[in-house]
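To keep things clear, I will list the structure first and then write my remarks on it.
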Amino acid sequence: MYKTKRKKFIVRFIIHVLFVLGLLLFFRYNSVLRPAAMSAPNKEFVAALILLLMLYTNYLLIIPRFFFKRKFVIFLVLSLTSVFLATFFEMFLVLPHIKYCYSNTNGLTINSLIILHSFLVGGRNMAFLLFFFVLRIFENEKHTLEKERIALAKNKGFICVPNGKYNMKTISISDISHILHEKNYTYIHTIDGSRYCKYCSLSNIAELLPENLFFRINRNAIIPLNRITGYSQNSVTMLYGNPAQEMTFPLSENYVPNIKEILATFGGLNRSGDGLNNLSDGLNNRVDMNNLEEFLTKIENNEELLTLCRIIAKEPSVTMKNLSDQLQVSPKTVERRLKILKDKGILKHCGAKKNGAYVFTPSIPDSVINWLTTDLPAYSVVCEENDSAAT
């Protein structure tokens, strides 16, 4: 997951560096974008720097802080002001050279040339700003959808896979026996022997899986921890299929530096009664009583906060209006309860305000989230059932 993020960041950084260098070179050796600086090539370089400063100020600061937070008036004022200032400074640079800009002025005065060229430069700046604006919006939407998709997959316990040419099918995470990657395709194998093919990288699939239940053993394979039956320094053996049979995978130290510690943390080999059981929610329904008690203590056994957590666990992308309707309280009350959960480190909001999603923080274990999504009995009832079973 972290390698994928780092790789995406490096790719984006290289693209932006190439754009900056390309624009600087174009401005330095051409007069198409700024004909007024034809006789002052060094000023083209300064003009390019001014333009880049305006573009990246909007890209990194103004658009995220004002447009994404729905402060449209402030965003519009600041964007137009930045375009005006960039145009003014560029015109100031080349003002002495404007009379050499056009070979035939057709009787135009110097003031008319200045006004004409101001419109040309301003229009060019607006076109560049519009391009960066669309690029930023596209990146933000993609990032928001990716976060929402990951949050939904981790909280709900399923993955969508292609089923035929145009259809999609939802499979439970608990049904996955192992995942293999070949060339550009990822093959998801299930316990019943089915195989589903997705055109994506193995890293993208890994982001959808709970990190405490699956791990990547080499460049081309991901397996569930609770199906491991044995391991050596260079290989891992797991149960596969129904009836179960053993399968061996090569183990890479680049992905798994110390498998013994991982398995010790998980609780041993082929642990029964835990991990990925075949349940309706696709994840473990065994509630760790210590984790559950700690969670309920955090929310002070407040039934209102607990109901809010249940709704969000089932639908992370729920809107404020839907929360208000389901809880039958005002939006202000919902905001106050959400703030309590955020202050206690239980929830956080990812993505834009309108299209984002609520995600439980890593301090809330998956077993508690599963307990919230499956409408299991109250904590006291679960304790009584566990005590009676132990007796």
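The values are calculated or read from the model by the stated rules, or taken from the named source; none is laboratory data. Just so you know, these numbers come straight off a predicted model, no measurement behind them. Cβ atoms come from the backbone with ideal geometry, glycine included; neighbour counts cover every protein chain shown.
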Exercise for review: Within region 62-70, identify whether any single residue is of a type outside the set (D, E, K, R), touching a Lys or Arg at 6+ places or on another chain (Cβ under 9 Å), at pLDDT below 85 and farther than 30 Å from G356 by Cβ, and answer yes or no.
Suggested key: no
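Take the residues in region 342-387 that are of a type in the set (G, A, S) and modelled with pLDDT under 50, then tell me which one is surrounded by the most Cβ atoms within 10 Å (Cβ to Cβ).
Per the stated criteria, the residue is A378.
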Practice item. Being of a type outside the set (S, T, N, Q) and modelled with pLDDT under 85 is the filter; apply it to region 41-61 and report the residue that is nearest to F119 (Cα to Cα). Key: A47
Revision key, fill the gap. Checked pairs for region 51-67, first over 14 Å from V20 (Cα atoms), second surrounded by fewer than 21 Cβ atoms within 10 Å (Cβ to Cβ) and of a type in the set (K, R), C-beta under 9 Å and 6 or more apart or across chains, list as N58/R136; L60/R136; I63/R136; P64/R136; R65/K71; F67/R136
Review point. Can you name the residue in region 180-238 that is charged (D, E, K, R) and part of a loop (DSSP other than H, G, I, E, B) and is also nearest to P257 (Cα to Cα) among such residues?
Key: R219
Check your understanding: Of the residues that sit in region 173-191 and are surrounded by fewer than 19 Cβ atoms within 10 Å (Cβ to Cβ) and modelled with pLDDT under 80, which one is nearest to S363 (Cα to Cα)?
Key -> N184
